[in-house]
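Asks: If you scroll down you'll find the structure; I have some questions about it.
The values are calculated or read from the model by the stated rules, or taken from the named source; none is laboratory data. Since this is a predicted model, take the numbers as computed values, not measurements. Quick reminder, even Gly has a Cβ in these numbers, built from the backbone with ideal geometry, and neighbours come from all protein chains shown. Just the protein is used for accessible areas: all its heavy atoms, side chains included, with ligands, DNA and RNA removed. Shrake-Rupley method; radii C 1.70, N 1.55, O 1.52, S 1.80 Å.
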Amino acid sequence: MFPTQRPRRLRHHPQLRRMVRENVLTTNDLIYPLFAVPGTGVAVEVKSMPGVYQLSIDKIVEEAKEVYDLGIPAIILFGIPDDKDTEATGAWHDCGIVQKAAAAVKKAVPELIVIADTCLCEYTSHGHCGYLEVGDLTGRVLNDPTLTLLGKTAVSQAQAGVDIIAPSGMMDGFVQSIRQALDTAGFQDIPILSYAAKYASAYYGPFRDAADSTPQFGDRRTYQMDPGNSREAIKEIDLDVAEGADMLMVKPALAYMDIIHQVKQASNLPVAAYNVSGEYAMVKAAALNGWIDEERVVMETMLGFKRAGADLILTYHAKDVARWLD
Ligand code: PBG
Ligand code: ZN
């Protein structure tokens, strides 16, 4: 008896494999995160993220040119301010680090899409993503007062030339209030990429070194999602869609492939996956030890995100991926 079905028939030749491949990755899918710091000529490598640097604005501009030349369509900017306070002034000030970096990048590389992470944690003295009651040491961020500051932050980022606003603080109603603030200020055409399903994750550790945003007390579990939940992710997605989100993000990515898949089924908006700092750090550590083939592991992971349903991938590997795709 011969088998009637032989799936291997379509695997024997590389060209044939190429013809029947269901998912592909292109540079169009990539978004590269950058960390802006004050000063000039500054490039400080993040210890837990080899190959990732805190960069002053002049260096950010150089990097933006390189990213654009590699064919990557977008960057996402995070900022580390000189001063932090309880009002997160550095987040919404006209002369804030992200505002200045965005303006400089748009001037030098107008075609590169600049996304701003819209949150307060890099700018608050306590490191939480929003406003706290004076004396509160639990980290129970006050939702509605935070919305006002997020609206202000988004508008000042848009005024600086940012193309896409990406709120990441998991406050209830943040898409709606940012949408209203942008519209009122005349930015009806600036899209919102919502960090819609963002989990309270240990995989953010290296990022908090990079962005100097570790909470001084408590943790983020009163606003970020519980890792045990998936139906709740769909609830978050539905709310953000109703509030006017233009794109949806799932974060982290690797341990949440099921969520990426479900979000893709649950909405018709583009879905982004954030391949976070801890995921990057693990791959880098193994690669630097010679324990894995970095290129193959990273490319397989990226394809996995695509297969799960991601339309866009935020990743610290983006420049390498673009080179490998070439
Ligand atoms: C905070 C924020 C975080 C990341 C981006 N913006 C996580 C956090 O500190 O809770 C994580 C990104 C990464 O780990 O790569 N709003
Ligand atoms: Zn935050």
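Asks: In square angstrom, rounded to the nearest 10, how much accessible surface does T222 have for a 1.4 Å probe?
Replies: Surface accessible to solvent at T222 totals approximately 80 Å².
Asks: As a check on your grasp of the helix formula, calculate [θ] at 222 nm for the chain: sum -39500 (n - 2.57) over DSSP H runs of n ≥ 4, divide by the residue count, round to the nearest 500.
Replies: Counting only the DSSP helices, I get -12000 deg cm²/dmol.
Asks: Got a number for carbon plus sulfur as a percent of segment 98-232's accessible area, 1.4 Å probe?
Replies: Carbon plus sulfur share of accessible area: 48 percent.
Asks: Less than 13 Å Cβ to Cβ from F305, Lys/Arg counted +1 and Asp/Glu -1: what total charge do the surrounding residues give?
Replies: Cβ neighbours under 13 Å give a net charge of -1.
Asks: Next up: Put C129, C95 in order of accessible area, largest first, 1.4 Å probe: what do you get?
Replies: C95, C129
Asks: Ordering K235, K198, K84 from largest to smallest accessible area (1.4 angstrom probe), what's the sequence? Please report the intermediate quantities before stating the final value.
Replies: Working: K235 125, K198 15, K84 65 Å².
So, going from the largest accessible area down, we get K235, K84, K198.
Asks: Another question, if that's okay. Can you tally the net charge around K152? Count Lys and Arg as +1, Asp and Glu as -1, for every other residue whose Cβ sits under 11 Å from the Cβ of K152. Don't skip to the answer; put the middle values down first.
Replies: On the way: positive: none; negative: E87, D94.
With Lys, Arg at +1 and Asp, Glu at -1, the neighbours total -2.
Asks: Continuing with the same structure: Which of the aspartates and glutamates could a cross-linker bridge to K59, judged by Cα under 15 Å and excluding same-chain residues fewer than eight apart?
Replies: Correct list for K59: E45.
Asks: To continue, here is another question. Sorted by accessible area with a 1.4 angstrom probe, largest first, how do D82, D163 fall?
Replies: D82, D163
Asks: How large is the dipole of the chain about the Cα centre if only Lys and Arg carry +1 and Asp and Glu carry -1, each at its Cβ, rounded to the nearest 20 debye?
Replies: It comes to approximately 1520 debye.
Asks: Where the Cα atoms of the chain are projected onto their three principal axes, how long is each span, largest first, in whole Å?
Replies: Over the chain, Cα extents along the principal axes are 77, 45, 39 Å.
Asks: From Cα coordinates alone, what are the radius of gyration and Dmax values for segment 124-235 in angstrom?
Replies: Gyration radius and largest Cα-Cα distance of segment 124-235: 14.6, 40 Å.
Asks: Moving to a separate point now. Just read off the accessible area of E45 with the full protein assembly in place, 1.4 Å probe, to the nearest 10 Å².
Replies: Only protein atoms counted, so the area is about 90 Å².
Asks: Within a Cβ distance under 14 Å of D94, other residues only, what is the Lys/Arg minus Asp/Glu net charge?
Replies: Numbers: positive: K100, K152; negative: none.
Spelling it out: positives minus negatives among the neighbours equals +2.
Asks: Kindly write out, for segment 89-106 in residue order, the coupling ³J(HN,Hα) from the Karplus curve 6.51 cos²θ - 1.76 cosθ + 1.60 (θ = phi - 60°), rounded to whole Hz, with x marking Gly and Pro.
Replies: Each residue of segment 89-106 in turn: 3, x, 6, 10, 6, 4, 9, x, 5, 5, 4, 5, 5, 4, 4, 5, 5, 5 Hz.
Asks: Determine how large the accessible area of Y203 is when every protein chain is in place; take a 1.4 Å probe and give Å² rounded to the nearest 10.
Replies: 80 Å²
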